[in-house]
1. Just need a number here: residues in region 151-197 that are exposed (fewer than 14 other Cβ atoms within 10 Å of the Cβ) and within 28 Å of residue 69 (Cβ to Cβ).
2. Across region 110-150, what is the number of residues that are within 17 Å of residue 185 (Cβ to Cβ), without any contact (Cβ under 8 Å) to a residue 60 or more places away in the chain and exposed (fewer than 15 other Cβ atoms within 10 Å of the Cβ)?
3. State all residues of region 80-96 that are without any contact (Cβ under 8 Å) to a residue 40 or more places away in the chain and part of a strand (DSSP E or B); if no residue qualifies, say none.
4. Of everything in region 242-254 that's under 25 Å from the mean Cα position of the chain (by Cα) and away from the ligand (no atom under 11 Å from the Cβ), which residue is surrounded by the most Cβ atoms within 10 Å (Cβ to Cβ)?
5. Report, by residue number, each residue of region 36-49 that is touching a strand residue (DSSP E or B) at 6+ places or on another chain (Cβ under 9 Å) and near the ligand (Cβ under 7 Å from one of its atoms).
6. I need a count of the residues in region 1-58 that are outside any helix (DSSP H, G or I) and either at pLDDT 95 or above or touching a helix residue (DSSP H, G or I) at 6+ places or on another chain (Cβ under 7 Å) (or both).
7. So residue 205 passes all but one of these: (1) more than 30 Å from residue 46 (Cα to Cα); (2) out of contact with any strand residue (DSSP E or B) (no Cβ under 6 Å at 6 or more places or on another chain). Which condition number does it fail?
8. Spot the failing condition for residue 7; the list is (1) within 11 Å of the ligand (Cβ to nearest atom); (2) without any contact (Cβ under 8 Å) to a residue 60 or more places away in the chain, and only one is missed.
Ligand code: FDA
């Protein structure tokens with residue numbers, strides 16, 4: 001058949017943003033190839049058929065941004081609830097309010113502190129190690145927040161996330177461990193925050209709802225690459241190493257196992273996210289999805305709730321890549337892949353997999369808008385060479 005003007009590999013937020021801009025503003029005919037059975041990438045969600053609770057299928061997704069342009073852009077496709085994300089952490093039979101804040105400090109040390117008293121206490125405890133001298137993650141964390149808070153709130157959780165003792169982890173995994181000397185416990189500190197009123201999938205489907213956009217699901221780019229490579233411009237948002245047949249070696253990722261279950265209670269934990277800081281509890285956190293949408297309470301089946309236990313581990317072949325491990329070895333490989341990518345004619349690499357970067361949703365959208373402004377629009381509207 002006729003070739004499209006642009007092929008996009010991956011129907012995640014990066015690919016959808018590029019598709020929408022090119023179809024809507026430039027009138028291009030865009031073909032999106034997506035190997036999963038649904039669009040939306042990792043932001044995809046489904047209503048659980050039994051309880052009618054919206055479940056984020058690839059881990060909890062909370063939207064937040066301080067980028068005015070991204071906020072204006074996403075509001076073309078959905079409105080947002082006024083949900084404000086908060087996280088709690090369990091440790092030795094108590095539940096604390098995270099991130100590290102005055103409420104947590106008071107509860108943990110068993111008495112009230114003024115902000116100045118708390119600051120002095122933590123500074124005193126952190127003086128055990130000088131930050132410049134820290135040779136591993138444990139020492140770095142102690143140098144920032146002191147040993148007691150480190151041992152309760154960082155050590156076990158980090159060890160579970162990385163399946164590695166924090167004394168074996170690099171000090172540069174953490175640069176800061178902010179402590180709030182207030183009772184403010186909002187998880188994000190962005191200007192805008194909320195959840196899509198009628199769900200992620202409705203939002204993401206609206207982005208692709210344009211007569212010039214075709215989304216072809218369950219289609220792996222590599223099975224049809226010869227039809228398009230070298231013939232039409234391609235925006236590739238799959239894993240960069242896979243594109244080059246892993247010629248420089250595989251980039252390493254962490255994955256998360258998500259164990260979903262329906263429990264026979266109206267309310268399992270009273271909030272959306274509880275972290276488990278004890279090292280002998282195998283999961284890192286439990287998500288209870290109904291709490292993300294208190295405004296939908298009447299639509300949820302009473303007496304039941306959907307929860308997900310999360311377990312973190314290193315990704316193996318076939319696992320979903322979630323968080324770049326980013327060792328020195330990975331960074332060296334990435335440099336070689338970037339050179340290959342720059343030399344690849346008519347292909348632009350983007351998104352979290354195409355650039356091997358953890359990107360929040362607003363960052364994926366923002367970076368797609370930049371690629372559109374700086375590369376695709378100049379190419380299609382003014383004939384500038386695609387590079
Ligand atoms: P994404 O991975 O979404 O899409 C890429 C698509 O390409 C996938 O659908 C994939 O199937 C497809 N693909 C790959 N190779 C292909 C091939 N060869 N052929 C065809 N298709 C191919 N962000 C945030 O703002 N708030 C949050 O709370 C969270 N929470 C969160 C939790 C977890 C566990 C993770 C891993 C991530 C988050 N995020 C997040 C980040 C968010 O998921 C991320 O910003 C977006 O997924 C990025 O969109 P992309 O389009 O770049 O990738």
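1. Of the residues in that region, 6 qualify.
2. Number of matching residues: 1.
3. Start the filter on region 80-96 by keeping residues that are without any contact (Cβ under 8 Å) to a residue 40 or more places away in the chain, which leaves 93-94.
Selection gives 94 alone.
4. Residues of region 242-254 that are under 25 Å from the mean Cα position of the chain (by Cα), as a first pass: 242-244, 246, 249-254.
Filter again for away from the ligand (no atom under 11 Å from the Cβ), leaving 244, 246, 249-252.
Working: 244: 14, 246: 14, 249: 13, 250: 15, 251: 24, 252: 18.
Across region 242-254, the extreme among qualifying residues is 251.
5. Looking only at region 36-49, we keep the residues that are touching a strand residue (DSSP E or B) at 6+ places or on another chain (Cβ under 9 Å), and these are 38-39, 42-48.
Hits for region 36-49 are 42, 43.
6. Quick first cut of region 1-58, residues outside any helix (DSSP H, G or I) only: 1-12, 27-40, 44-58.
From what's left, either at pLDDT 95 or above or touching a helix residue (DSSP H, G or I) at 6+ places or on another chain (Cβ under 7 Å) (or both): 3-12, 27-40, 44-58.
So the count comes out to 39.
7. Among (1) more than 30 Å from residue 46 (Cα to Cα); (2) out of contact with any strand residue (DSSP E or B) (no Cβ under 6 Å at 6 or more places or on another chain), residue 205 violates only (1).
8. Condition (2) is where residue 7 drops out.
The values are calculated or read from the model by the stated rules, or taken from the named source; none is laboratory data. Small disclaimer: the values here were computed from a predicted structure and weren't measured. Here Cβ is always computed from backbone atoms with ideal geometry, including for glycine, and neighbour counts include all displayed protein chains.
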